[in-house]
Amino acid sequence: MKDHLLEVENLHFSYGSKQVLKGLDLSLEEGEVLCLLGPNGCGKTTLLDCILKLLTPPSGSVTIMGKDQKNLNPQELAKITAYVPQKHSSHFPFTVSDFVLMGRTPYTGILGAPGREDRKLVLRVLTELGLETLKDKDYSRLSGGEARMVLIARALVQEAPLLIMDEPGSHLDYRNEILMLETILSLVKNRKRSVLMSTHSPNQVFFLENCGLPVRAAVLQEGIIQESGRPMDILTPENLKRVYGVRTALVNHMDGNHSINNIIPIPSNRKAE
């Protein structure tokens, strides 16, 4: 039986007396996108932080590419997992190019000097993301959306087989949100990467599935994965009502021979006061 690229088993985590993860199980296959959904405060970021060793769970296990995560040092972990955090701030005046170049640290070492190929890779990724005009700008002075795209660029130059993204669409305008999703599409289709991402947008999940990617949606609620499977089966109006308390409709239309699915919200019947 083939090992999962990522396997989380019986994971527990608490903040003081508040239990957030309660024996959570999750797996991700090579070349797959797993989209994690759930209400604010349900533990999505906590789960990602446990996988990345930013938090230490008291019990449970995380296995990445067949290796026990507990036995990986930071450099080893950074070679197989790249991370796009939800928030990041820098108090040092790094240029965008130098900030993205930090993604090569697992290969150069903290004190090592990046080579010509490292810098060529940075420029190529910045160009692919439409960020080449920002390369000499001060990272700390970027807008929220610009900084988010630069964080994605830094993760891409790590060239890790597993990309972990915490709400990657936040702060992005519509164009950059689509560019971000198309970047995931390219990584999975052309480079066989795997992606674990948290999101509050069912339509981001459907966009990736509409493009033909192997996508699973997983709902995190009450400390465990309540449901996991094809977006069409998981992101139903009934489930979205239960999870978010919002009425929605699933809309399907044909684009040539391709079936396109989207979720649209239904306004409440509440009268304006």
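Annotation: PHE99 fulfils all but one of (1) outside any helix (DSSP H, G or I); (2) out of contact with any strand residue (DSSP E or B) (no Cβ under 7 Å at 6 or more places or on another chain); (3) of a type in the set (Phe, Trp, Tyr); (4) buried (at least 17 other Cβ atoms within 10 Å of the Cβ); the unmet one is (1).
Yes/no matrix, rows are residues, columns are (1) among the acidic types (Asp, Glu); (2) over 18 Å from PRO168 (Cβ atoms):
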{"residue": "THR81", "(1), (2)": "no, no"}
{"residue": "LEU101", "(1), (2)": "no, yes"}
{"residue": "THR105", "(1), (2)": "no, yes"}
{"residue": "GLY130", "(1), (2)": "no, no"}
{"residue": "ASP136", "(1), (2)": "yes, yes"}
{"residue": "LEU142", "(1), (2)": "no, no"}
{"residue": "GLY145", "(1), (2)": "no, no"}
{"residue": "ILE152", "(1), (2)": "no, no"}
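Listed here are the residues, each with its yes/no results for (1) in contact with a helix residue (DSSP H, G or I) (Cβ under 6 Å, 6 or more places away or on another chain); (2) under 21 Å from LEU28 (Cα atoms).
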position: TYR174; (1), (2): no, no
position: LEU181; (1), (2): yes, yes
position: LYS192; (1), (2): no, yes
position: VAL195; (1), (2): yes, yes
position: VAL205; (1), (2): yes, yes
position: GLU238; (1), (2): no, no
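Inspection of region 142-152 finds a residue satisfying the criterion of being small (Gly, Ala, Ser), out of contact with any helix residue (DSSP H, G or I) (no Cβ under 8 Å at 6 or more places or on another chain), assigned to a loop (DSSP other than H, G, I, E, B) and free of Cβ contacts under 8 Å to residues at least 60 places away in the same chain.
Just the residues that are assigned to a loop (DSSP other than H, G, I, E, B) and either within 23 Å of GLU182 (Cα to Cα) or at pLDDT 95 or above (or both), please, taken from region 106-135.
First, pick out the residues of region 106-135 that are assigned to a loop (DSSP other than H, G, I, E, B): 109-115, 129-131, 135.
Result: LEU129, GLY130, LEU131, LYS135.
Of the residues THR105, THR81, which is surrounded by 15 or more Cβ atoms within 10 Å (Cβ to Cβ) and touching a strand residue (DSSP E or B) at 6+ places or on another chain (Cβ under 6 Å)? It would help to see each step written out before you state the result.
Numbers: THR105 fails: touching a strand residue (DSSP E or B) at 6+ places or on another chain (Cβ under 6 Å).
Going through THR105, THR81 in turn, just one is surrounded by 15 or more Cβ atoms within 10 Å (Cβ to Cβ) and touching a strand residue (DSSP E or B) at 6+ places or on another chain (Cβ under 6 Å): THR81.
Against the definition (on the phi > 0 side of the Ramachandran plot and surrounded by fewer than 19 Cβ atoms within 10 Å (Cβ to Cβ)), how does GLY212 come out, yes or no? Yes.
TYR244 satisfies every condition listed in (1) among the hydroxyl-bearing types (Ser, Thr, Tyr); (2) surrounded by fewer than 16 Cβ atoms within 10 Å (Cβ to Cβ); (3) in contact (Cβ under 8 Å) with a residue 60 or more places away in the chain except (2).
Go through region 234-265 and give me each residue that's at pLDDT below 90 and acidic (Asp, Glu). Of everything in region 234-265, just one residue is at pLDDT below 90 and acidic (Asp, Glu), namely ASP255. Only one of the numbered conditions (1) out of contact with any Cys (no Cβ under 7 Å at 6 or more places or on another chain); (2) within 26 Å of GLY43 (Cβ to Cβ); (3) surrounded by 16 or more Cβ atoms within 10 Å (Cβ to Cβ) is violated by ALA153, and that is (2). Filter region 35-53 for residues that are buried (at least 21 other Cβ atoms within 10 Å of the Cβ) and either small (Gly, Ala, Ser) or under 27 Å from VAL246 (Cα atoms) (or both) and give the result. Selection gives CYS35, LEU36, LEU37, GLY38, CYS42, GLY43, LYS44, THR46, LEU47, LEU48.
For region 187-202, how many residues meet the condition of being over 19 Å from GLN221 (Cβ atoms), under 15 Å from the mean Cα position of the chain (by Cα) and surrounded by fewer than 17 Cβ atoms within 10 Å (Cβ to Cβ)? Walk me through it before giving the result.
Going residue by residue through region 187-202, those that are over 19 Å from GLN221 (Cβ atoms) are 187-195.
The next check asks that each one be under 15 Å from the mean Cα position of the chain (by Cα); those that pass are 187-188, 193-195.
Filter once more, so that each one left must be surrounded by fewer than 17 Cβ atoms within 10 Å (Cβ to Cβ): none.
The number of residues fulfilling the criteria is 0.
As for region 224-239, it holds at least one residue that is β-branched (Val, Ile, Thr), in contact with an Asp or Glu (Cβ under 6 Å, 6 or more places away or on another chain) and either without any contact (Cβ under 8 Å) to a residue 12 or more places away in the chain or under 25 Å from LEU11 (Cα atoms) (or both). Return the total of residues in region 247-256 being of a type in the set (A, V, I, L, M) and either more than 26 Å from the chain's Cα centre (by Cα) or surrounded by 13 or more Cβ atoms within 10 Å (Cβ to Cβ) (or both). Result for region 247-256: 2.
The values are calculated or read from the model by the stated rules, or taken from the named source; none is laboratory data. As the structure is a prediction and not an experimental result, all values here were calculated from the model. Note: ideal-geometry Cβ built from the backbone for every residue, glycine included; neighbour counts use all protein chains shown.
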